[in-house]
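Visitor: Below you will find the structure I want to go over with you.
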Amino acid sequence: MERTELIMGMPIKITTVTPVETHIVDDVFEYFRAVDARYSTYKPTSEISRINAGLPPDKWSDEMQEIMRLCELTAKQTHGYFNIIRPDGQLDPSGLVKGWAIQRAAELFKSKGVKNFSIDAGGDIQVCGNGPSDAEWRIGIRNPFDRTEVIKVVSVRNKGVATSGTAIRGQHIYDPQGGKDLTNIVSLTIIGPDIYDADRFATAAFAMGQKGISFIEALKGFEGYMIDKNGIATMTSAFEEYVR
Amino acid sequence: MKKAIISIFVIVAFAIYSIHARNEQNESTVSAPSTSLQTGSSNSTTTSSSTTTTSTKGAYQDGTYTGSAADAYYGYIQVKITVSGGKLTDVAFLQYPNDQRESQEINSEAMPLLKQEAITAQSVQIDGVSGATDTSQAFIESLSSALNQAKA
């Protein structure tokens with residue numbers, strides 16, 4: 001079974017190896033829509049928009065408080081490179097919420113007895129159990145210079161694979177710490193124990209520029225594949241164990 | 001009284017910071033590498049549109065419109081569109097590019113001894129693709145904001 005819906009401004013694709021009752025899949029998509037309704041900075045009625053319009057912290061939902069706590073924790077773990085404060089001063093936790101939502105959606109799926117599936121939200125993927133050919137899931141890494149191409153394939157089971165980068169070639173990205181131009185790095189893919197961790201660390205490590213891959217190298221249980229503007233990739237020391 | 005003074009100080013300090021942050025954001029704006037209409041100055045990020053309304057046959061009023069700066073995580077995307085004959089005829093990037101024309105600071109920090117390779121296209125069976133989508137989403141946001149302004 002494979003179904004794609006456009007939610008949170010991106011295609012969300014759910015793939016299961018064996019057929020699954022429609023209402024179970026409906027529930028998972030419904031969950032993503034609920035997340036979007038709460039965290040979209042583009043929706044004026046969302047809780048995050050109301051917070052940015054001045055809703056005091058004691059009126060925030062428990063879940064929002066938990067998200068903010070996780071954002072703070074991630075900022076600490078990444079030496080401030082994970083930053084939810086935008087240049088205009090508004091809060092935008094979407095860099096964490098995306099992976100967190102995929103993770104929660106995967107847990108929802110598992111709780112309904114679905115074992116072998118993948119959830120792909122805009123190129124950030126959680127795979128559970130076996131892939132379609134009764135083996136590991138084969139996930140391609142997109143060529144940042146040509147969206148139609150795949151430049152690496154990793155084989156994974158029960159892992160999160162997240163990519164942070166610039167989809168439009170040549171865009172400038174600035175180091176939130178020092179304002180330094182980071183355009184040298186165009187794409188960073190992280191394989192982690194789950195998509196929540198893979199995604200938040202991919203976002204932060206990408207913001208570190210060239211140092212990002214060293215940050216991932218030092219992180220136990222994570223591997224990374226970084227591509228620079230000249231099309232040269234740098235990988236962490238055990239990354240190739242996933243290339244089969 | 002003391003509280004009030006502190007409050008005012010905090011508000012003023014924040015206002016100054018906001019203006020400063022905004023200026024910084026404007027300074028980081030670079031003009032588009034290609035696509036027409038960009039005449040010289042690259043710092044114009046005003047969201048107001050410069051319209052030259054003439055005949056309109058399509059869904060949009062003729063003129064040029066600047067979209068809002070949309071957040072693409074660690075960068076901003078902002079487009080300027082041109083409508084002529086009621087149709088969208090050009091999209092230019094106000095914030096994003098520079099296409100490596102500026103000298104890039106090379107990070108001299110020593111890399112650990114990690115393996116490197118040149119990327120090459122693969123043609124094998126896969127079950128999914130991981131890639132970044134953030135920027136294209138910001139592009140759509142900025143574009144639709146410009147198009148909304150162009151609506152007759």
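Visitor: Are any of the residues in the stretch B:54-73 closer than 30 Å to A:I227 by Cβ, part of a strand (DSSP E or B), modelled with pLDDT of 60 or more and more than 7 Å from chain A (Cβ to nearest Cβ)?
Guide: yes
Visitor: Quick one: in the stretch A:204-241, of everything that is in a strand (DSSP E or B) and of a type outside the set (D, E), which residue is nearest to A:C71 (Cα to Cα)?
Guide: A:G224
Visitor: So which residues in the stretch A:216-232 are buried (at least 23 other Cβ atoms within 10 Å of the Cβ), of a type outside the set (S, T, Y) and touching a residue at least 60 places away in the same chain (Cβ under 8 Å), if there are any at all?
Guide: A:I227 - this is the single residue of the stretch A:216-232 that is buried (at least 23 other Cβ atoms within 10 Å of the Cβ), of a type outside the set (S, T, Y) and touching a residue at least 60 places away in the same chain (Cβ under 8 Å).
Visitor: List every residue pair whose Cβ atoms sit under 7 Å apart, with the two residues 6 or more apart in sequence or on different chains, where the first one lies in the stretch A:45-64 and is touching a residue at least 40 places away in the same chain (Cβ under 8 Å) and the second, anywhere, is among the β-branched types (V, I, T) and surrounded by 10 or more Cβ atoms within 10 Å (Cβ to Cβ).
Guide: Correct list of pairs: A:I48/A:T41.
Visitor: Let me ask something else about it. What are the residues in the stretch B:113-129 that are exposed (fewer than 14 other Cβ atoms within 10 Å of the Cβ), aliphatic (A, V, I, L, M) and facing chain A (nearest Cβ under 7 Å), if any?
Guide: B:A118, B:A121, B:V124
Visitor: Say we look at the stretch A:107-123 and pick out the residues that are surrounded by fewer than 24 Cβ atoms within 10 Å (Cβ to Cβ) and among the charged types (D, E, K, R); which of these is nearest to A:V17 (Cα to Cα)?
Guide: A:K115
Visitor: Restricting to the stretch A:136-157, count the residues that are among the hydroxyl-bearing types (S, T, Y) and either facing another protein chain (nearest Cβ under 7 Å) or free of Cβ contacts under 8 Å to residues at least 60 places away in the same chain (or both).
Guide: Looking only at that region, the number is 1.
Visitor: A further question on this structure: Kindly provide the set of residues from the stretch A:10-38 that are in a strand (DSSP E or B) and within 10 Å of A:V114 (Cα to Cα), ordered by number.
Guide: If the condition is that a residue be in a strand (DSSP E or B) and within 10 Å of A:V114 (Cα to Cα), then A:T16 is the only one that fits.
Visitor: Continuing with this model, one more query. Quick one: which residue in A:T45, A:T18 is over 20 Å from the mean Cα position of the chain (by Cα), loosely packed, with under 15 Cβ neighbours inside 10 Å and closer than 23 Å to A:G131 by Cα?
Guide: That would be A:T18, the only listed residue that is over 20 Å from the mean Cα position of the chain (by Cα), loosely packed, with under 15 Cβ neighbours inside 10 Å and closer than 23 Å to A:G131 by Cα.
Visitor: If I filter the stretch A:104-135 down to residues being outside any helix (DSSP H, G or I), among the hydrophobic types (A, V, I, L, M, F, W, C) and under 20 Å from A:Y196 (Cα atoms), which single residue comes out as nearest to the other protein chains (Cβ to nearest Cβ)?
Guide: Restricting to residues being outside any helix (DSSP H, G or I), among the hydrophobic types (A, V, I, L, M, F, W, C) and under 20 Å from A:Y196 (Cα atoms), the top hit is A:I125.
The values are calculated or read from the model by the stated rules, or taken from the named source; none is laboratory data. From a predicted model like this one, the values you see are computed outputs, not experimental measurements. Quick reminder, even Gly has a Cβ in these numbers, built from the backbone with ideal geometry, and neighbours come from all protein chains shown.
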